[in-house]
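Data first, discussion second: the structure below is written as C-alpha cells.
The values are calculated or read from the model by the stated rules, or taken from the named source; none is laboratory data. Keep in mind that what you see is a predicted model, and the values were worked out from it rather than measured.
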Amino acid sequence: MFIQKRGDAMVTRKDDSSSRRGFGSMDEEKQREIAAKGGRAAHEKGSAHEFDSAEASRAGKSAHQKGTAHEFDSEEARRAGQQSRKNR
C-alpha cells in the first residue's frame with residue numbers, strides 16, 4: 001500500500017507505481033475543468049439532477065447526522081462565496 005499527498009487530500013494506492021493514465025492521475029485543475037464541462041453538458045441536455053431546497057436540506061441534515069458533512073472554515077467559506085459570485 002502506498003499513500004500519496006494530492007492537493008489537500010491523501011490518496012491511497014495499491015502500489016508505488018506512478019502511472020500517468022486516467023482521471024485520477026490528472027492535476028486537480030484539469031479534473032475540475034473536465035468535470036465542469038460534463039456538468040454544463042448535463043444541464044444543457046436536461047439530464048442533470050437539480051436539488052430543490054427541501055431535498056438539499058435533507059441531504060445536509062443526513063450528512064451532519066452521519067458525521068460526513070464537510071465543515072467549512074472561514075477561509076474556505078470566503079473562497080466558496082467568491083467562486084459562487086464569479087459563476088453567476
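Couple of notes before you dig in:
- Scan of the stretch 43-59 for residues that are closer than 17 Å to ASN87 by Cα and in a helix (DSSP H, G or I), ordered by number: HIS43, GLU44
- Every condition in (1) assigned to a helix (DSSP H, G or I); (2) modelled with pLDDT under 85 holds for ARG88 except the one numbered (1).
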